[in-house]
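Heads up: the structure comes next, in structure tokens.
The values are calculated or read from the model by the stated rules, or taken from the named source; none is laboratory data. Remember, predicted model here, so these are calculated numbers, not experimental data. So basically every Cβ, Gly included, is an ideal-geometry build from the backbone, and we count neighbours across all protein chains shown.
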Amino acid sequence: MKKESTSTRLKKIMETKGLRQVDVLKLTAPYCEQYGIKMNKSDISQYCSGKNEPNQEKLFVLGKALNVSESWLMGFDVPMGRNDYEFKDAIGPDNLSFNNVEEFKKAYDQSMFRKNRLEYKLLENMRKLNNNGKKSLLNYSEILLGNPNFIESNNHLEVLAAHERTDIKVTDEMRKHDKDIMMDDSEWE
């Protein structure tokens, strides 16, 4: 539930840390550079005045720079602190086993990364690897795909099968009736 505006929260954290708008802009600079996001003085000014709200990318950068959670900064009733979990802690070189499945799931669920941001970060990391690193990453991804705990679930696409009744004698006529229903497209609308 939203408690306050982003403007109120931004001013609150600035006051707590004794920061001016120009200081916030300076704090965001390394993250803007790292993630290829442009932020200027007028952005910060408009966020503080409440004239505009930061988009997802700028909210992420502000959260990182001010060390607060994006949800808190948006005004939601959540703890102020960040919960950045480094995925390398769950799947780093020392943890390349499937003993960490639950830990990894928890890390993923707790992460501030949304799916598209996670995919972007994975691609960004992959591009930094040399050919041997890319081959290792590909091999590891194939290992992960071999474990059902790491496969994206498509439960909504699964067909639920029914089995023939055992409490009565099923006749050919009953089977035909059931098949006719299954094959009738109007039954599925």
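See the values below:
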quantity: Some residue of segment 75-93 being on the phi < 0 side of the Ramachandran plot, among the charged types (D, E, K, R), outside any helix (DSSP H, G or I) and at pLDDT 60 or above; calculated: yes
quantity: Qualifying residue in segment 158-181 (condition: of a type in the set (A, V, I, L, M, F, W, C), at pLDDT 75 or above, farther than 22 Å from Glu119 by Cβ and assigned to a loop (DSSP other than H, G, I, E, B)); calculated: yes
quantity: Members of segment 10-65 found to be within 22 Å of Asn125 (Cβ to Cβ) and not in a helix (DSSP H, G or I), listed by number; calculated: Gly36, Ile37
quantity: Condition broken by Asn55, with the remaining ones in (1) loosely packed, with under 14 Cβ neighbours inside 10 Å; (2) outside the structural domain of Leu25 (by TED's automatic domain parsing); (3) at pLDDT 55 or above satisfied; calculated: (2)
